[in-house]
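Q: Take this structure, written in structure tokens, and hold onto it; I'll ask about it next.
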Amino acid sequence: ELHPNTEVCSTMKCILPRTVIKIQNKDNQCFEWAILSALYPVEYVHKNYRPSKYQVHLGEVNYDEVDFPVKVTDVTKFERRNPELSINIYGWNSGMYLIQVSKALGREIDLLLLVDKEDPVKKHYVWKKDLARMLFKNSNNGRRKHPCHRYLHVFSTHGSIESHKIDCNGIGEKPQNI
């Protein structure tokens with residue numbers, strides 16, 4: 001069960017503040033709000049947490065036969081109805097881990113599923129807008145990094161990640177961490 005506006009999001013204090021967008025919704029549709037925040041980013045950062053910034057886009061994404069709150073197991077159903085999207089789900093427990101990597105070839109959207117430590121039934125989806133920054137947050141190197149969504153490994157050049165993808169996609173169905 002996903003609960004809106006709960007202490008689940010206090011977990012975010014240990015995550016870099018500019019790497020995730022947490023919509024302050026009061027319904028069970030945090031998955032939808034997270035998807036909309038990824039598809040239609042708000043320019044003014046201080047207001048990007050408000051559902052009103054994304055309401056104009058409600059109905060632009062197909063949620064037919066997808067029940068709210070959205071379970072991780074229903075994400076592939078969502079992707080079948082929206083083939084232009086590819087949704088990766090991550091978790092956080094003193095660090096990031098992979099829950100589900102998409103097999104779809106659409107625009108990649110990374111979501112973080114936060115879980116309340118005191119009440120694991122309480123969960124909340126947020127858009128993880130900068131995977132590289134989350135993985136490489138302690139670096140003094142100012143260059144852009146290129147993350148592998150499967151391995152949660154960061155590569156220093158675009159060419160190296162592209163070479164890696166050939167091997168990574170051929171490993172099998174189960175995402176792995178190195």
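The values are calculated or read from the model by the stated rules, or taken from the named source; none is laboratory data. Here the structure is a predicted model, which is why all the values come from computation and not from measurement. No Cβ is skipped: glycine too gets one built from the backbone with ideal geometry, and neighbour counts run over all protein chains shown. Accessible surface is based on the protein model in full, side chains and every heavy atom, while ligands, DNA and RNA are left aside. Shrake-Rupley method; radii C 1.70, N 1.55, O 1.52, S 1.80 Å.
Q: Could you calculate the contour length gain from Glu65 to Asn93, that is, 0.36 nm times the residue separation minus the distance between their Cα atoms, to one decimal place in nm?
A: Details: separation 28, 0.36 × 28 = 10.08 nm, distance 3.10 nm.
So the extension gain works out to 7.0 nm.
Q: Can you tell me which of 48-58, 83-93 comes out highest on packing, and rank the rest after it, using the mean Cβ neighbours within 10 Å? Write down the numbers at each step before the final one.
A: Working: 48-58: 14.7, 83-93: 17.5.
By packing density, highest mean first, the sequence is 83-93, 48-58.
Q: Shifting gears a bit: Provide the per-residue ³J(HN,Hα) series for the stretch 57-63, in order, calculated from phi with Karplus coefficients 6.51, -1.76, 1.60 and θ = phi - 60°, each as a whole number of Hz, with x at glycine and proline positions.
A: 9, 4, x, 7, 10, 7, 10
Q: To the nearest 10 Å², what's Lys122's accessible area with a 1.4 Å probe?
A: 40 Å²
Q: Another one. Keeping all protein chains in position, work out how much accessible area Ser94 exposes to a 1.4 Å probe, and write it in Å² to the nearest 10.
A: It works out to around 110 Å².
Q: Here's a follow-up. Measure up Lys53/Lys122; Lys26/Lys122; Lys26/Lys53; Lys22/Lys47 against 21 Å on the Cα-Cα distance and list the ones that go over. Walk me through the numbers before you get to the answer.
A: On the way: Lys53/Lys122 25 Å; Lys26/Lys122 14 Å; Lys26/Lys53 14 Å; Lys22/Lys47 11 Å.
Beyond 21 Å: Lys53/Lys122.
Q: Can you figure out the FRET efficiency of Tyr49 with Lys165, using R₀ = 45 Å and their beta-carbon distance, to the nearest 0.05?
A: Details: r = 33 Å, r/R0 = 0.73.
Efficiency, rounded to the nearest 0.05: 0.85.
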